[in-house]
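First up is the structure itself, then whatever we jot down about it.
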Amino acid sequence: MAGAKRGCLWVVTLLLVLAAIVAGAGAWFFYKQSQFADVPLTPSADSVVIASGDGMNSVLRKLREAGVDEGQDTQWQLLARQLDAAGKLKVGEYALSTDLTPRELLLRMRAGKVLQHRVTIIEGWNIRQLRAALKRADPLLHTTDALDDAALMDRLGFAGQHPEGRFLPETYVYQRGDSDLDVLKRAHGAMEKALDEAWESRAPDLPINTPYELLTMASIIEKETALASERPQIAGVFMRRLKIGMRLQTDPTVIYGIGAAYDGNIRRRDLTTDTPYNTYTRSGLTPTPIAMPSRDALMAAAQPAPGDALYFVAVGDGSGAHVFSPSLDKHNAAVARYLQQLRQQRTQETPAQ
């Protein structure tokens, strides 16, 4: 009996030791797994891309290729199951950084929080500048580089439409795999919506007959001043000129008519050389917009400031502000002050001999 008792005691002791070992191993594994899940990664790449059909093994291979050495594959597999991410990782590009943990990365992949890229259309850009910016954007897919403007508008579904002024200046977010055509479609739709809103809110008795004329006027206003606060005043001047049949006589339209040959200087001969866009030689609005107007410029065209000013000239103090005048005599006086200011600045900038 004593032997049997000793045998039983030995078995119990062994089971207790084994249980302790298992418990210790479990605790150690839990600690290591938790430590792995919440320790920041040290990737060598900025992002990783999950493609359609990628399983966890493929994702892990791509992570290793991106310099993610943390954790064993089994740890990643277990963590994915714990987070209910196994088999649920969304297609897309995901950012990698040194402040990101395996847990956070898998949760992002499960939720589809893909990396966002941005491209900005600047207020006052023309279509050449816009297309050049899209061509530089990376990783945007470039599908329109070989198309001329007419073919581009046809691809967008607006065959025969002039592209100038048709895309709203804003910052557009896109994902890897999106194309320049995707961005342009969104920018075109945004401009149509903004133009509709401005047209619906327009003041009564404007010398503007169509939304397209409003768009054209807004583009001219956009190019005439960098100060948002002055746009309604500029609009007021141009609208009053249209009402009385006075030519707009605005330099940005002349520059647009010169096109790619413009070298940064506008000369007297440019003002007298007739083009469809020269508002010194032709009355009324230009045949198309001359730039991409902002929302503010659209609203200024729709709701110009009241007043009697028919002229304006730069103050010349570097602020970008203008002096507005109701008569030619007062305008000439303002021009004289501007020229005097310009001469003084040049004298101060000229070094003494």
Confirm whether Lys223 is at pLDDT 95 or above, under 17 Å from Tyr256 (Cβ atoms) and open to solvent by 80 Å² or more (accessible area, probe 1.4 Å). yes
For Ala300, are the conditions met, namely being in a loop (DSSP other than H, G, I, E, B), of a type in the set (A, V, I, L, M, F, W, C), closer than 20 Å to Trp125 by Cα and modelled with pLDDT of 95 or more? no
Could you grab me the full set of residues in the stretch 259-287 that are in contact (Cβ under 8 Å) with a residue 60 or more places away in the chain and closer than 20 Å to Arg202 by Cβ? Leu285, Thr286
Subset of the stretch 153-167, residues of a type in the set (A, V, I, L, M) and farther than 19 Å from Tyr256 by Cβ, comes to Leu156, Ala159
Among the residues in the stretch 131-149, are any surrounded by fewer than 16 Cβ atoms within 10 Å (Cβ to Cβ), small (Gly, Ala, Ser) and closer than 27 Å to Gln303 by Cα? no
Looking at (1) in a loop (DSSP other than H, G, I, E, B); (2) surrounded by fewer than 19 Cβ atoms within 10 Å (Cβ to Cβ), which is the one condition that is false for Pro289? (2)
If I filter the stretch 171-197 down to residues being part of a loop (DSSP other than H, G, I, E, B) and open to solvent by 60 Å² or more (accessible area, probe 1.4 Å), which single residue comes out as nearest to Asn209 (Cα to Cα)? Gln175
Identify all residues within the stretch 235-253 that are touching a Leu at 6+ places or on another chain (Cβ under 9 Å), of a type in the set (A, V, I, L, M) and open to solvent by less than 10 Å² (accessible area, probe 1.4 Å); write none if there are none. Val237, Met239, Leu248
Could you pull out the residue among Arg118, Arg103 that is in contact (Cβ under 8 Å) with a residue 40 or more places away in the chain, open to solvent by 30 Å² or more (accessible area, probe 1.4 Å), in a helix (DSSP H, G or I) and of a type outside the set (A, V, I, L, M, F, W, C)? Arg103
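The values are calculated or read from the model by the stated rules, or taken from the named source; none is laboratory data. Nothing here was measured: the structure is a model prediction, and the numbers come from that model. Using ideal geometry, Cβ is built from the backbone for each residue, glycine included, and neighbour counts are taken over all protein chains shown. These accessible areas exclude ligands, DNA and RNA; they are computed on the full protein's heavy atoms, side chains included. Shrake-Rupley method; radii C 1.70, N 1.55, O 1.52, S 1.80 Å.
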